[in-house]
Amino acid sequence: RGSAVWRRMVERTREKEAKAVLLTCLTILSVLVVVSHAKSIVSPSNVPNALYPSWAHSHWVWLASNQANQSSEIDLVNGYLERNVPVGGVDIDSQWATGDNDFIWNTDKYPQPKQMIQTFHDLDIRVILWTTSLVDTDSPNYQYGKDNNYYLNHGRTIKWWHGHGSFIDYTNPAAVEWWHSQLDNVIDMGIDGWKTDGTDPYVFELVKPEGYAGRITEREYANMYYGDFFNYTRSKNPEALIMSRPVDSWEFVYWSFSPHYLMYSGWVGDQDPTFPGLQDALRNMFHSAWRNYANYGSDIGGYRSGNGESPLGRTKELFIRWAQLGAFCPLMENGGNNEHRPWMFDNNNQTLNIYRQFVFFHYELVPYFLNAGSTAIEKGVSVMYPQANQTDLEPDSWDYMLWKDILVSPIVENSTMRTVHFPSGNSWIDWFNTSRIFQGGSTVNFTVPLERFPVFIRDGAMLALNVTSSHGTGWGDELSKGFLTLFIPRPSLQGGHQIVRDYHAPSQEFWYSLKTVDGSSQGRPSFSVMVLKASAHPTNKVLFHVRNLPSFSSITLIDLRSDLVVPISISRPSP
């Protein structure tokens with residue numbers, strides 16, 4: 001503290017780094033940490049709040065309609081929770097109503113729907129309902145809409161996978177008012193959104209779609225369909241979301257479904273429960289990225305029933321690899337035909353334990369996802385950046401960047417081997433072992449057992465994490481709960497910046513810089529100075545977790561407000 005070098009450093013910090021909340025000076029012999037009170041020094045961030053609530057990035061589960069009823073839905077969720085697997089959303093599949101789409105609960109399947117919704121809400125679990133904009137001819141409300149000319153083309157019917165029906169006419173104000181009055185039946189019970197299934201391309205079967213306001217295109221109708229469910233429900237429940245398709249495909253035809261602005265929690269349609277099905281899901285996600293949709297995932301294990309090769313509808317190996325992929329997508333959701341419960345795939349809980357860990361990975365990334373998704377929507381880009389060249393054929397790489405700092409190399413076949421081509425320009429840190437660092441531009445062959453997945457962090461990155469348990473990354477544990485964790489696996493001289501956005505609270509920004517100070521003129525050894533800064537925030541409590549630092553023997557805390565010096569005796573931490 002008495003040296004000229006240290007005095008000049010503190011003065012320089014006060015003058016040029018007055019916004020610092022944490023200053024760490026690293027030498028071979030010691031670490032000096034300067035701590036100050038953020039609210040008294042740093043201005044708040046001017047970055048807007050997140051555009052949507054964090055439950056968009058929670059773990060959603062559901063049962064296919066032939067399995068779903070009130071008791072089975074509750075049993076499904078309890079099965080996850082009893083095994084310490086978090087759940088944040090439940091999708092009630094089709095056939096929940098007395099008709100498609102009359103929005104009146106089928107009480108034979110759901111005798112107490114309001115109580116069921118409240119049961120889930122008490123567990124902090126959101127509820128969405130399956131729907132489309134077609135009203136079937138055998139639905140109790142169909143004839144009223146027909147008599148009042150509330151459907152496109154005067155009620156002309158088309159055949160779809162749930163029967164014969166007519167499209168609601170969104171260009172007719174009276175039809176929309178009638179439609180909303182029926183939605184209110186379930187919105188007012190407290191539902192949190194919709195799974196809006198992809199019937200909009202059937203508008204082509206009308207040949208010349210026409211409504212109250214005249215001719216419309218399929219694209220215009222799709223925008224009205226998804227937009228109305230999203231906007232009207234949000235007008236009554238500001239935290240509501242819809243689950244809709246960004247891009248889905250038939251063979252090599254890739255079709256855009258939803259408008260971009262509402263793509264907070266999309267899914268890429270129905271796939272076979274096979275490794276080729278997993279590849280189809282990735283192709284749809286890549287095309288969604290190339291068309292600048294922000295957030296989406298896929299049905300873990302594939303939606304479809306399969307051809308009977310596996311008694312559960314899908315193999316254990318496929319299910320695990322798809323779950324691992326799902327954890328590193330903005331939406332992690334699991335449901336479909338046959339078996340999707342992770343505890344049903346073996347007798348030794350291997351699948352369950354792997355699934356649980358990757359669900360915790362996903363939850364830890366929620367702050368990262370919220371900033372990425374909100375920024376992507378604002379900029380008209382995707383959270384996913386495929387490393388493949390754009391193509392309608394087989395991609396030349398299955399790897400993708402998850403926003404700016406995470407490289408994901410999915411396992412797309414039944415194998416424990418994976419070759420990773422690391423993007424040039426950065427080194428890459430192993431997600432599972434931060435002491436393993438790989439050079440950008442290199443190609444490395446990995447052995448990847450079922451418990452592992454090829455994921456890498458950009459060297460120098462600072463990840464904002466919500467660590468609540470030791471079940472996830474190991475970058476914290478139960479004592480981390482209630483804190484925002486800023487994780488820097490290996491600081492770089494380029495420094496780092498991270499934004500944390502929340503739907504209900506102000507945003508916060510974090511920076512770090514790393515530089516070398518030459519102390520030779522004072523007869524001192526050279527040392528590294530690491531400066532960590534944060535904008536002011538009224539509620540956040542923050543843990544900085546930094547790895548791969550030079551060795552040291554002591555830490556000193558210094559409070560800039562009072563120059564109070566507190567030496568701390570510590571043992572040298574592990575790498």
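The values are calculated or read from the model by the stated rules, or taken from the named source; none is laboratory data. Worth saying up front: this structure is predicted, and the values here are computed from it rather than measured. Virtual Cβ from ideal backbone geometry, glycine too; neighbours counted across all protein chains shown. Side chains are part of the model used for accessible areas, which takes the heavy atoms of the whole protein and leaves out ligands, DNA and RNA. Shrake-Rupley method; radii C 1.70, N 1.55, O 1.52, S 1.80 Å.
For this structure, a couple of remarks:
- Highest average first, the peptides 457-463, 201-207 ordered by how many other beta carbon atoms sit within 10 Å of their residues are 457-463, 201-207.
- Helical mean residue ellipticity (222 nm; -39500 (n - 2.57) per DSSP H run of 4+; nearest 500) of the chain: -7500 deg cm²/dmol
- Dipole magnitude for the range 385-476: about 340 debye, using +1 per Lys or Arg Cβ and -1 per Asp or Glu Cβ, origin at the Cα centre.
- Estimated translational diffusion coefficient (Stokes-Einstein, Kirkwood radius over Cα pairs, 20 °C, 1.002 mPa s) of the range 267-360: 162 µm² per second.
- By the Kirkwood approach, averaging reciprocal distances over each pair of separate Cα atoms, the range 244-286 gets a hydrodynamic radius of 10.7 Å.
- Of the residues Gln279, Ala464, Tyr226, the one whose Cα sits farthest towards the positive end of the charge dipole of the chain is Ala464 (charges of +1 on Lys and Arg Cβ, -1 on Asp and Glu Cβ, taken about the Cα centre).
- Spatial offset of the range 230-272 relative to the range 61-105 amounts to 20 Å, using the alpha carbon center of each.
- Dipole magnitude (debye, nearest 20) for the chain, charges at Cβ of Lys, Arg, Asp, Glu: 3000
- Neighbourhood charge, 10 Å Cβ-Cβ cut-off, centred on Pro491 and excluding it, Lys, Arg +1 and Asp, Glu -1: +1
- Whole-number Å³ per residue for the convex hull built on Cα positions in the range 71-152: 96
- Exposure of Lys208 as accessible area (Å², to 10), given a probe of 1.4 Å and all protein chains: 120
- Cα-only radius of gyration and Dmax that characterise the range 126-188, units Å: 11.8, 37
- Calculated translational diffusion coefficient of the range 410-538 (20 °C, 1.002 mPa s; Stokes-Einstein with Kirkwood radius over alpha-carbon pairs) equals 123 µm²/s.
- The residue list Phe453, Thr443, Ala536 was ranked by how far each Cα lies along the charge dipole of the chain toward its positive end, using unit charges on Cβ atoms, and Ala536 comes out on top.
- Positive-end extreme of charge dipole, the chain - chosen from Ile191, Leu514, Thr217 (charges on Cβ): Leu514
- A Cβ-based charge dipole, computed about the Cα centre of the range 40-194 with Lys and Arg at +1 and Asp and Glu at -1, lands at about 280 debye.
- With the largest listed first and rounded to whole Å, the semi-axes of the equivalent ellipsoid of the range 347-491 from the Cα gyration tensor are 24, 21, 16.
- Partner lysines for Lys208 [C-alpha distance under 25 Å; skip if fewer than 8 residues away on the same chain]: Lys146, Lys159
- Correct option for Rg/Rh (Cα atoms, Kirkwood Rh) [calculated from the coordinates] among (i) 1.00; (ii) 1.19; (iii) 1.03: (iii)
- Evaluated over the range 90-136, the Cα radius of gyration and Dmax, each in Å: 11.2, 34
- With all protein chains modelled, accessible area of His154 [1.4 Å, Å²]: 130
- Here the range 451-494 has an Rg and Dmax of 11.8, 33 Å, counting Cα atoms alone.
- Computed over the range 377-461, the P(r) curve from all C-alpha pair distances, binned at 10 Å from the origin, holds 16, 49, 29, 6 percent per bin.
- Given their separation in residues at 0.36 nm each and the Cα-Cα distance between them, Ser435 and His154 gain 94.5 nm when the chain is fully extended.
- Base-10 log of normalised Debye intensity for the range 175-282 (one unit scatterer per alpha-carbon) at q = 0.16, 0.19, 0.21 Å⁻¹: -0.82, -1.05, -1.17
- Gain upon complete extension [Gln390, Ser72; 0.36 nm per residue less C-alpha separation]: 110.2 nm
- Seen against the Cα atoms of the chain and their longest principal axis, helix 275-290 is set at about 80 degrees.
- The chain: relative contact order in percent, alpha carbon pairs under 8 Å with at least 6 residues between: 17
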